[in-house]
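The values are calculated or read from the model by the stated rules, or taken from the named source; none is laboratory data. None of the values given here were measured: they were computed from a predicted structure. Here the Cβ positions follow ideal geometry from the backbone for every residue, glycine too, while neighbour counts run over all protein chains shown. Remember, those area values only see protein heavy atoms, side chains included, never the ligands or the DNA or RNA. Shrake-Rupley method; radii C 1.70, N 1.55, O 1.52, S 1.80 Å.
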Amino acid sequence: MNYIIWTGIIIGFAYFLVSIIYAGISSSFAWFWFGIGLVSLIIQRINLYMIQQGIEIPHNLQRLVRCTIAVGFFVFIWVEGIIIVNANQKPKSNADYVIILGAKVRGTTITKSLKARLDTAYDYLIENPNTVAIVSGGKGPGEDISEAAAMEKYLKQKGIDKKRIQLEDKSVNTHQNIKFSRRIAQNDDASFVVVTNGFHIYRATRIARKQGLKRVEGLSAPCDKIMLISYYVREGFAVVKYKLSGMI
């Protein structure tokens, strides 16, 4: 048990430092790693105090703690496995629609994450000239234009005909991305490819199927390798939350 505690301390604080140095102190999920490190440190100090005072935890309680940790670890590995498998799927050609999910825009400039999604979608659109793109994303804090408008501009600059681009500029989360894009398509029997970062594919396609899209696949865009672990861990919690709330 002691090695698990020390692992939590080292990984938690180390990844917290990496996150804030690389992504900034405003990176919300960075504080998850700080919490892991802090809780692990507190447990380590309590454990040391109990050893020094000769206090023993009842065997039944020890078994309960070990079982709880084992079950939690199993669920985590199972969920992450599903996310990883779906991140590596390859969609069929000639889909009727490509739904490109929005990501942060700084002013009017797309971020690296959004550029990766757009470049991935662009390659698919070039290979499948009859596919229509639905760019999906509203205007959030720090954004001078909607994510959809920024995405349309980028695709047009790369040579995609404006007639092949439909704007959905009201959504603020993945659930709304799919819901409002579905309204634009007005055909649940059409074939759809959802373009987003790999860790997000499973949740996005499951939401789409839950909402009634019958033929939907995912197309994975690359994401930042330094933040990869954080993205996948965060997504694991999101999948569990969406599953418990009945959204997937």
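Details
- Simple spin-label estimate for ASP161 and ILE84 gives 4.3 nm between the two label positions (7 Å along the Cα-to-Cβ direction from each Cα).
- Once all protein chains are placed together, GLU56 keeps about 150 Å² accessible to a 1.4 angstrom probe.
- Area of LEU41 that stays accessible when all protein chains are in place (1.4 Å probe, Å², to 10): 60
- Set LYS104/LYS170; LYS115/LYS139; LYS90/LYS243; LYS112/LYS179; LYS92/LYS225 screened for pairs whose C-alpha atoms are more than 22 Å apart: LYS90/LYS243; LYS112/LYS179; LYS92/LYS225
- Residue-count net charge about ILE126 - beta-carbon cut-off 13 Å; Lys, Arg +1, Asp, Glu -1: -2
- Each residue of the chain gets 132 Å³ once the volume of the Cα convex hull is shared out per residue.
- Rounded to the nearest 20, the Cβ-based charge dipole of the stretch 11-120 about its Cα centre (Lys and Arg +1, Asp and Glu -1) stands at 280 debye.
- Three-way shape label, the stretch 9-111, alpha-carbon gyration tensor, a/c 1.5: oblate
- The chain: most fluctuating residue of VAL65, VAL85, VAL233 per GNM, C-alpha cutoff 10 Å: VAL65
- Protection proxy ranking of 155-161, 208-214 - average other beta-carbon atoms within 10 Å, highest first: 208-214, 155-161
- Solvent exposure of the chain, expressed per residue, is 56 Å² of accessible area, with all protein chains present and a 1.4 angstrom probe.
- Toward the positive end of the charge dipole of the stretch 106-248, with +1 on the Cβ of Lys and Arg and -1 on the Cβ of Asp and Glu, the farthest Cα among VAL193, GLY212, SER113 is that of GLY212.
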